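Peer 1: I'd like to ask some things about the structure below.
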Number of protein chains: 2
Amino acid sequence: MLDESYREFAEHGYHQASINRIVGRLDIAKGSLFQYFGSKEGLFAHLFQRAVDEIKAPLRAIRDGQTGEPFPQRLKRVFAASSAFALAHPFLWGIYRRMLTQEDFPLRATLLSQVRAETLTFFRELIELGQNQDSVRADLDPATAAFVIEATLDRALTAQLSPVLDAGLGLASDPQTRQARLDALAEALCLGFSVCPTVHPAPSTAKGDANA
Amino acid sequence: MLDESYREFAEHGYHQASINRIVGRLDIAKGSLFQYFGSKEGLFAHLFQRAVDEIKAPLRAIRDGQTGEPFPQRLKRVFAASSAFALAHPFLWGIYRRMLTQEDFPLRATLLSQVRAETLTFFRELIELGQNQDSVRADLDPATAAFVIEATLDRALTAQLSPVLDAGLGLASDPQTRQARLDALAEALCLGFSVCPTVHPAPSTAKGDANA
DNA sequence: CATAGGAATGACCACCCGGTCACTTGTCCG
DNA sequence: CGGACAAGTGACCGGGTGGTCATTCCTATG
């Protein structure tokens with residue numbers, strides 16, 4: 001029952017989701033569903049809370065494991081894990097994405113600010129940890145950098161589930177390509193965050209005045 | 001008539017938009033509207049095409065003006081101009097944002113891929129131009145960087161119109177703060193793109209092995 | 001077995017939707 | 001003025017919506 005409702009909301013958003021379709025697929029009476037959840041909004045609220053609880057564990061696992069690694073490696077791991085999570089829970093991800101843009105999504109303000117605050121804090125802590133390890137430059141504002149990272153990751157996850165948005169980058173294609181593209185994004189971000197000289201050979205001319 | 005329909009779609013998205021409300025506000029008969037546009041989808045397609053045409057001019061003006069400036073300045077100008085445009089056309093921006101996440105938005109694939117391709121090309125060209133000027137490091141992949149920039153800008157524009165998403169960054173508050181935050185975002189991006197030594201003094205300790 | 005009480009049911013409600021079309025109205029020309 | 005023809009109208013249609021509630025069914029207990 002929860003699974004089927006979850007799928008309906010994720011596939012159609014809130015307003016386009018149909019209680020009739022849900023009970024039709026489940027082959028139960030409409031009255032039963034309303035007896036449990038009271039209203040469409042009640043059903044949705046219940047589902048969302050469950051989903052939020054479900055997403056917390058993997059996020060924490062990423063943050064608390066392998067704390068010794070330098071920042072770029074950790075960021076890549078975060079990107080990879082998030083990508084895997086979004087692919088494994090496309091419906092949940094779809095709901096979240098919809099809520100971001102749909103002003104009249106019920107409970108939007110409450111639910112969103114809760115999730116967003118947690119996400120940005122997660123990245124800010126990751127960055128500050130990197131700064132303490134000297135793998136992130138100290139003059140970088142953690143909040144600003146967290147914003148950029150979150151925006152990039154969000155777009156990447158959206159792109160990998162929606163070929164229209166991929167725009168030739170390859171996130172929506174096979175796993176190997178996706179992995180490579182995600183790593184490239186993480187690296188491009190790290191370029192700006194790292195204490196200056198990046199490991200890459202910088203193959204072209206040496207026009208820059210102080211490279212390596 | 002067009003203005004009122006535009007507003008309706010932007011405020012409610014496609015499916016939640018109501019023809020009845022539009023004709024009600026305009027105080028005209030429903031039949032008239034259908035005589036002109038044939039269907040709801042026809043009306044929307046017409047509106048969208050008009051909006052796309054409208055957006056092209058300012059974008060081109062940004063790209064083709066001040067070509068001599070170094071990349072970071074140009075990027076800041078692009079951010080500022082885009083921010084102003086989104087604030088001036090919140091409805092249009094709302095439609096675009098909705099279309100990004102709503103799978104069943106009619107004509108989504110056609111319209112979106114058209115817009116996205118143009119946007120990403122715009123940024124790629126901006127970066128390549130920066131590389132030719134030596135104000136962007138040569139080993140940066142233009143497509144990847146364009147992706148990151150576009151993602152960040154998109155999130156920033158969303159945040160400035162939706163306080164819930166601002167997450168304490170200050171994009172949704174007064175113009176001065178917003179301007180400063182946009183500049184900070186652009187700078188954070190440029191850190192990674194610039195040929196290495198950034199102008200900023202890097203105030204803290206000199207633990208990094210080769211800073212400045 | 002009888003029965004009490006909660007759980008399940010689905011016909012039904014009022015409402016709203018996009019879309020139609022027979023009809024009225026307005027306009028312009030001979 | 002009269003007629004032709006386009007423009008404008010709004011009652012109406014079939015269908016879908018979230019939600020209700022009198023009724024039936026099931027089960028658990030005495």
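Peer 1: Step through the residues of segment A:94-107 one at a time and calculate ³J(HN,Hα) from phi using the Karplus curve (6.51 cos²θ - 1.76 cosθ + 1.60, θ = phi - 60°), rounding each to whole Hz and writing x for Gly and Pro.
Peer 2: x, 4, 4, 4, 4, 5, 4, 10, 8, 3, 8, 4, x, 6
Peer 1: For peptide A:93-100, compute the average count of partner chain beta-carbon atoms within 10 Å of each residue's beta-carbon. Walk me through the numbers on the way to the answer.
Peer 2: Details: counts 0, 3, 1, 1, 4, 6, 2, 9.
Mean inter-chain Cβ contacts per residue within 10 Å come to 3.
Peer 1: In debye to the nearest 20, how big a dipole does the protein assembly as shown give about its Cα centre with +1 on each Lys and Arg Cβ and -1 on each Asp and Glu Cβ?
Peer 2: So the dipole magnitude of the protein assembly as shown works out to roughly 580 debye.
Peer 1: Test of understanding: in a Gaussian network model of chain A with alpha carbons linked when under 10 Å, which of A:112, A:185, A:120 would top the mean-square fluctuation ranking?
Peer 2: Answer for the Gaussian network model of chain A: A:112.
Peer 1: Distances from residue B:2 to the same position in the other copies: list them in nm, one decimal, shortest first, using label points 7 Å from Cα along Cα→Cβ.
Peer 2: Going from nearest to farthest copy, the values are 5.1 nm.
Peer 1: Helix A:108-132 sits at what angle to the longest principal axis of chain A, using alpha carbons and giving 0 to 90 degrees rounded to 10?
Peer 2: 20
Peer 1: Right, another one. Under the Karplus relation 6.51 cos²θ - 1.76 cosθ + 1.60, θ = phi - 60°, what is the ordered set of whole-Hz ³J(HN,Hα) values for segment A:140-147, x standing for Gly and Pro?
Peer 2: With coefficients 6.51, -1.76 and 1.60, one gets 8, 6, x, 5, 4, 5, 4, 4 Hz.
Peer 1: If you scale each eigenvalue of the Cα gyration tensor by 5 and take the root, what three semi-axes come out for the protein assembly as shown, rounded to whole angstrom and sorted largest first? Walk me through the intermediate numbers first.
Peer 2: Working: eigenvalues 306, 155, 64 Å².
Rounded to whole Å, the semi-axes are 39, 28, 18.
Peer 1: Calculated from DSSP H runs of 4 or more alone, at -39500 (n - 2.57) each and per residue, what is the 222 nm mean residue ellipticity of chain A, nearest 500? If you can, show how the numbers build up before the last one.
Peer 2: On the way: 10 runs with 154 residues, N = 212.
Computed ellipticity for chain A at 222 nm equals -24000 deg cm²/dmol.
Peer 1: Still on this structure: Calculate the mean, over all residues of peptide B:134-147, of how many other protein chain Cβ atoms lie within 10 angstrom of the residue's Cβ.
Peer 2: Details: counts 4, 0, 0, 8, 8, 8, 4, 4, 0, 6, 8, 5, 2, 13.
Average neighbour count from other chains, rounded to a whole number: 5.
Peer 1: A further question on this structure: Between the label point of residue A:133 and that of the same position in each other copy, find the distances and list them shortest first in nm, with every label point placed 7 Å from Cα along the Cα-to-C-beta direction.
Peer 2: Inter-copy label distances (nm, one decimal, shortest first): 3.6.
Peer 1: Among B:158, B:135, B:117, which residue has its Cα positioned farthest towards the positive end of the charge dipole of segment B:51-193, with +1 placed on the Cβ of Lys and Arg, -1 on the Cβ of Asp and Glu, and the dipole taken about the Cα centre?
Peer 2: B:158
Peer 1: Based on Cα positions only, what radius of gyration and what Dmax would you give for segment A:1-109, in angstroms?
Peer 2: In Å, with Rg to one decimal and Dmax whole: 16.9, 55.
Peer 1: Have a look at B:73, B:182, A:82 and report the one farthest towards the positive end of the charge dipole of the protein assembly as shown, computed about the Cα centre with Cβ charges (Lys/Arg +1, Asp/Glu -1).
Peer 2: Projecting each Cα onto the dipole axis, the largest value belongs to A:82.
Peer 1: Calculate I(q)/I(0) for segment A:132-190 by the Debye formula, one identical point scatterer on each C-alpha and no solvent, and give its log10 at q = 0.18, 0.25, 0.26, 0.27 Å⁻¹ to two decimals.
Peer 2: -0.66, -0.99, -1.03, -1.08
Peer 1: Shifting gears a bit: At 7 angstrom along the Cα-to-beta-carbon line, where would the label on residue A:68 sit relative to the other copies? Give the distances in nm, shortest first.
Peer 2: Taking the point 7 Å beyond Cα along Cα→Cβ, the inter-copy spacings are 5.5 nm.
Peer 1: Suppose every K and R has +1 on its Cβ and every D and E has -1 on its Cβ; what is the size of the dipole of chain B about the Cα centre, in Debye to the nearest 20? Could the numbers behind the result be given before it?
Peer 2: Details: 22 positive and 25 negative charges, 67 e Å.
The calculated dipole for chain B is roughly 320 debye.
Peer 1: Another one. For segment B:51-193, what's the radius of gyration and Dmax over Cα atoms, in angstrom?
Peer 2: Every Cα atom of segment B:51-193 included, Rg and Dmax give 15.2, 44 Å.
Peer 1: Once the piece of chain linking residue A:19 and residue A:81 is laid out straight, how much longer is it, given 0.36 nm per residue of separation minus the C-alpha distance between them? Let's see the in-between values first.
Peer 2: Values: separation 62, 0.36 × 62 = 22.32 nm, distance 3.34 nm.
Gain in length upon complete extension: 19.0 nm.
Peer 1: Please enumerate, by chain and number, the aspartates and glutamates with C-alpha under 13 Å from the C-alpha of residue B:56, excluding those fewer than 8 residues away in the same chain.
Peer 2: B:64, B:118
Peer 1: Further question: Work out the length of the dipole vector of segment B:62-174 about its Cα centre, built from +1 on the beta-carbon of each Lys and Arg and -1 on the beta-carbon of each Asp and Glu, and round it to the nearest 20 debye.
Peer 2: On the way: 11 positive and 14 negative charges, 43 e Å.
With Lys and Arg at +1 and Asp and Glu at -1, about 200 debye.
Peer 1: Excluding residue A:64 itself, calculate the net charge of residues whose Cβ lies under 13 Å from the Cβ of residue A:64, where each Lys or Arg counts +1 and each Asp or Glu counts -1.
Peer 2: On the way: positive: A:56, A:60, A:63, A:74, A:77; negative: A:69, A:125.
So the environment of residue A:64 carries a net charge of +3.
Peer 1: Give me the distance in nm between label points sitting 7 Å out from Cα along the Cα-to-Cβ direction at residue B:113 and residue A:34, one decimal.
Peer 2: 4.4
Peer 1: Okay, moving on. If you stretched the chain out fully between residue A:63 and residue A:174, how much longer would it get, using 0.36 nm times the residue separation minus the C-alpha to C-alpha distance? Before the final figure, lay out each step's value.
Peer 2: Details: separation 111, 0.36 × 111 = 39.96 nm, distance 2.68 nm.
Taking residue A:63 through residue A:174 to full extension adds about 37.3 nm, to one decimal.
Here, each number is a calculation from the coordinates, and none is a lab measurement. Here the structure is a predicted model, which means the values were calculated and not measured. Cβ coordinates were reconstructed from backbone atoms using ideal geometry, including for glycine residues, and neighbour counts include every protein chain displayed.
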